[in-house]
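Input: a single structure, listed below in structure tokens.
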Amino acid sequence: MSRSVLGFDRLAALVLGLVLVAAGAAAAAWGLGQLTRVWAGAPQSLSTAGAGDVYGQSWWPGAAAAAAVVLALLGLWWLLAHVPRRSTGPLRLAGSDRSGALAVDGSSAAAVAADVLTETPGVRSASGRVVSDRGQLVAEIDVTAEPDADLAEVAAAVDATGAQLAQVIGRDDLRGRVAVHVARRQRRGSRVH
């Protein structure tokens, strides 16, 4: 979620909260007969008869339709703004300056690192990508190992590949997350080297 959306959410929550607190306090004061102490022009009773006349006006259907469209578009924008976006795009590398920018596609580098892991004996498959998770850059690698794989060997390969990936991407803010899943059954025709 972007900072502007977060700022809008906080401002909207503050305004709505203040309106609700004020309305609740006014309703409580009115119910206790104390509203006239704060607001001298406070009515003693309310009538909704005037509101019923508005529905009969010629401009009402158009105004209601316009308000509905504006509210629907605002609601759609708000929902889309809250969809989590985990992709990172090109990552700017150290050495970038005014003369030029150096960038790397982090997900492609993580996918290649996952391909390297599939060459490890006992690793059935692996996939990798770089995402933004709660404001941090995270290289995620998912590994599926055969049931009879040597997990110490798989862990050593994961460590070595992770170190190489960090070196290739060259960013100090890159974090790593590796999930190793062990397959339930041995794949037919597969063998551990």
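The values are calculated or read from the model by the stated rules, or taken from the named source; none is laboratory data. Because the structure is predicted, anything quoted here is derived from the model rather than measured. Virtual Cβ from ideal backbone geometry, glycine too; neighbours counted across all protein chains shown.
Points worth noting:
- Qualifying residue in region 21-42 (condition: surrounded by fewer than 10 Cβ atoms within 10 Å (Cβ to Cβ), among the polar types (S, T, N, Q) and either over 30 Å from ASP105 (Cα atoms) or assigned by TED's automatic domain parsing to the domain that holds VAL104 (or both)): no
- Counting the residues of region 130-145 that are modelled with pLDDT of 85 or more and under 19 Å from VAL83 (Cα atoms) gives 3.
- Among helices (runs of 4 or more DSSP H) entirely within region 27-132, having at least 3 residues that are within 30 Å of GLN186 (Cβ to Cβ) singles out 106-117.
- Matching entry among SER96, SER45, SER87, SER2 (being modelled with pLDDT under 90, exposed (fewer than 12 other Cβ atoms within 10 Å of the Cβ) and touching a Leu at 6+ places or on another chain (Cβ under 7 Å)): SER96
- Of the criteria (1) in a helix (DSSP H, G or I); (2) over 26 Å from PRO84 (Cα atoms), which one ALA166 fails: (2)
- Residues being more than 17 Å from ALA166 (Cα to Cα) and hydrophobic (A, V, I, L, M, F, W, C) - total across region 114-129: 2
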